[in-house]
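Read the structure below first, then the notes.
The values are calculated or read from the model by the stated rules, or taken from the named source; none is laboratory data. Note that the structure is a prediction, hence the values are computed from the model and not measured. We place every Cβ from the backbone using ideal geometry, glycine too, and count neighbours over all the protein chains shown.
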Amino acid sequence: MSPPITELKITKPISSTNWRGLWTLYSREVRRFIKIIGQTLLAPIITTILFLIVFVVAFGKDRQIGELSYTEFLVPGLMMMTILQNAFANTSTSIISQKLNENIIDTLMPPLSPLELVVGFVMGGATRGLVVAIGVGFGLSLVIPISINSISMVIFHAVGAASMMGALGMITGIWAEKFDHVSTVTNFIILPLSFLSGTFFPITRFPELLHNISYYNPFFYMIDGLRYGFSGQSFGSLFTGIIYVLSINFALWVICYWLVKSGYKLKA
Amino acid sequence: MRFFKISSQTFIAPVITALLFLAIFKLAFSGDGRSMGSVSFAEFLVPGLTLMALMTAAFANASFSLMFEKIVETIVDTLMPPMTPNELVIGYVLSSTTRGLLVGSAVLLAMTFFVNLNIHSWPLVIFYAISASILMSLLGLITAIWAEKIDHVASINNFVILPLTFLSGTFYSTQFLPETFAKIAHFNPFFYLIDGFRYGFIGAHDGNLKIGMLILILLMLMFWLLCVKLFSSGYKLRS
């Protein structure tokens, strides 16, 4: 006869979330980018402010886009651009460097479920994206009055974009075999998309064909949504944007979960 | 040879980035047919973007090459052979200058597909392209000798080189700046590089060309001597 179940009772059911482990992973990710704060926070803030100066000087302040002044148009675009680039950079470089240093095993070994690993990494990346964007917003608000039309749209799109790019960075980091691969994706996909999705000019400026394609570009909806949150003006459909952000986030998270679970290119 | 091995990062990436900038500015401006003096905005922009790519590449090559050697401690293999400090500086500077010029030519070539380019004066274009590469290579070498980690190089890049190139009239004429800023901009050596290089293309300039050349030649000489001195003293290179 088997022993009574009570004797084998584990104090904590195995299915519950490992909060402490999750917190440890998250704070490790955050501390990683804080350690190199010059490159991860200050540099993007300075670069973004430079973009603003250059564009405003080159265009003159008086230009209007729709009902918005050019700075009102530009600031949300720049903030979204920093979120996209930094959230992506954080997870992708963190994972690829752990892979190259062969200490990724120290992250995979502890009793963290694949979902917890995904949450830890993605939230770390999202935090960096949001912190940089807040830094940019704060820096810019010293020179330019920034008003907020709908705080919930601002938060939704900022967090949605940060989480999406964190997940995309994680997938890239897992797939990549060298640093080269990560920088290729950054230079040839992320950078062009974040530049050409209505950050600096309305997509109506595109030639017909590109203009139509832009309505399928998720980055366009995130930039547009954030811009709506600040200025109350949007150039695309807000509803499509929200559906897009939610469904892409969901899809990327599922892919991340599945990659970590299968150990693809992570475990030998 | 170091940079050919990673050609997608060292060549294609800067070309794409420069083209992106061109696209953004062209599109953002389209519709109001704005021109800068006698030339279209695109013609104004191309020399600035080309030189920016060239300068960034030359600086990056010199600084990262030397920095990596220091970090992986193979620098001794470069210092040991019987080469005088002057020869070492020439070697490093020439290779980085090559990368800068190659990137610059690639960017320019790519842009000719989109913008009609006229060249006002070949000798000036070449003079400024070469002096910009040499100046940035020397600056890269000095940075790498001084730096102790990649972080230091990246900081110089992000907080000194990038702002100076962005704000020295790459994207706009300094005439657009408020008076005081325009005056300050005229103390920026990068401004003279871009202004002169652009003059070679479009035949118009904002600043004084003679002063510009003088400043550039003096700076090159100064940085060169500094480099040679650093190499011969072994500062932060030999323990």
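On the basis of being more than 30 Å from residue B:69 (Cβ to Cβ) and within 15 Å of the chain's Cα centre (by Cα), does residue B:156 make the cut? So residue B:156 does not fit the description; no. Against the numbered list (1) more than 24 Å from residue B:177 (Cα to Cα); (2) more than 9 Å from chain B (Cβ to nearest Cβ), residue A:42 comes up short only at (2). Filtering the stretch B:4-61 to residues that are more than 13 Å from chain A (Cβ to nearest Cβ), at pLDDT below 70 and within 26 Å of residue B:140 (Cα to Cα) leaves only B:4.
Number of residues in the stretch A:148-157 that are part of a helix (DSSP H, G or I) and in contact with a helix residue (DSSP H, G or I) (Cβ under 6 Å, 6 or more places away or on another chain): the value is 3. Taking the conditions (1) more than 22 Å from residue A:135 (Cβ to Cβ); (2) more than 14 Å from every other protein chain (Cβ to nearest Cβ) in turn, residue A:183 satisfies each one other than (2).
Inspection of the stretch A:176-194 finds no residue satisfying the criterion of being part of a loop (DSSP other than H, G, I, E, B), over 23 Å from residue A:138 (Cβ atoms) and among the aromatic types (Phe, Trp, Tyr).
In the stretch A:214-257, of all residues being aliphatic (A, V, I, L, M) and farther than 27 Å from residue A:113 by Cα, the one that is surrounded by the fewest Cβ atoms within 10 Å (Cβ to Cβ) corresponds to A:243.
Summed over the stretch A:202-212, the residues that are surrounded by 13 or more Cβ atoms within 10 Å (Cβ to Cβ) and more than 10 Å from chain B (Cβ to nearest Cβ) give a count of 1. Restricted to the stretch A:128-147, and to residues there that are outside any helix (DSSP H, G or I) and hydrophobic (A, V, I, L, M, F, W, C), the residue that is farthest from residue A:69 (Cα to Cα) is A:142. Over 27 Å from residue A:43 (Cα atoms) and touching a residue at least 12 places away in the same chain (Cβ under 8 Å), is that true of residue A:212? It is false that residue A:212 is over 27 Å from residue A:43 (Cα atoms) and touching a residue at least 12 places away in the same chain (Cβ under 8 Å). Checking A:197, A:237, A:231 one by one, the residue that is at pLDDT below 90 and either over 23 Å from residue A:133 (Cα atoms) or touching a Ser or Thr at 6+ places or on another chain (Cβ under 6 Å) (or both) is A:237 and no other. Within the stretch B:203-222, can one find any residue that is surrounded by 14 or more Cβ atoms within 10 Å (Cβ to Cβ), of a type outside the set (A, V, I, L, M, F, W, C), in contact (Cβ under 8 Å) with a residue 40 or more places away in the chain and more than 22 Å from residue B:146 (Cα to Cα)? Yes, the stretch B:203-222 contains at least one residue that is surrounded by 14 or more Cβ atoms within 10 Å (Cβ to Cβ), of a type outside the set (A, V, I, L, M, F, W, C), in contact (Cβ under 8 Å) with a residue 40 or more places away in the chain and more than 22 Å from residue B:146 (Cα to Cα).
Selection over the stretch A:191-201 of residues that are more than 9 Å from chain B (Cβ to nearest Cβ) and either farther than 12 Å from residue A:77 by Cα or surrounded by fewer than 18 Cβ atoms within 10 Å (Cβ to Cβ) (or both) gives a count of 1.
Of all residues being more than 19 Å from residue B:229 (Cα to Cα) and assigned to a helix (DSSP H, G or I) in the stretch B:70-86, which is modelled with the lowest pLDDT? Just the residue, please. Filtering the stretch B:70-86 for residues that are more than 19 Å from residue B:229 (Cα to Cα) and assigned to a helix (DSSP H, G or I), the one modelled with the lowest pLDDT comes out as B:77. Listed here are the helices (runs of 4 or more DSSP H) enclosed by the stretch A:10-127 that have at least 2 residues being over 24 Å from residue A:181 (Cα atoms) and hydrophobic (A, V, I, L, M, F, W, C): A:19-35, A:43-59, A:70-100.
Looking at the stretch A:124-144 only, could you name the residues that are crowded, with 19+ Cβ neighbours inside 10 Å and either among the hydroxyl-bearing types (Ser, Thr, Tyr) or out of contact with any Gly (no Cβ under 6 Å at 6 or more places or on another chain) (or both)?
A:124, A:127, A:128, A:129, A:130, A:131, A:132, A:133, A:135, A:136, A:137, A:140 - these are the residues of the stretch A:124-144 that are crowded, with 19+ Cβ neighbours inside 10 Å and either among the hydroxyl-bearing types (Ser, Thr, Tyr) or out of contact with any Gly (no Cβ under 6 Å at 6 or more places or on another chain) (or both).
Among the residues of the stretch A:51-83, just one is of a type in the set (A, V, I, L, M), facing chain B (nearest Cβ under 10 Å) and within 22 Å of residue A:162 (Cα to Cα), namely A:74. Among the criteria (1) under 25 Å from residue A:120 (Cα atoms); (2) crowded, with 19+ Cβ neighbours inside 10 Å, the one residue A:181 does not fulfil is (2). Of everything in the stretch B:211-239 that is among the charged types (D, E, K, R) and at pLDDT below 85, the residue that is farthest from residue B:168 (Cα to Cα) is B:238. The set of residues in the stretch A:68-91 being over 16 Å from residue A:245 (Cβ atoms), of a type in the set (Gly, Ala, Ser) and within 9 Å of the chain's Cα centre (by Cα) consists of A:89 alone. Those helices (runs of 4 or more DSSP H) of the stretch B:100-219 in which 3 or more residues are more than 14 Å from chain A (Cβ to nearest Cβ) occupy B:122-146, B:189-202.
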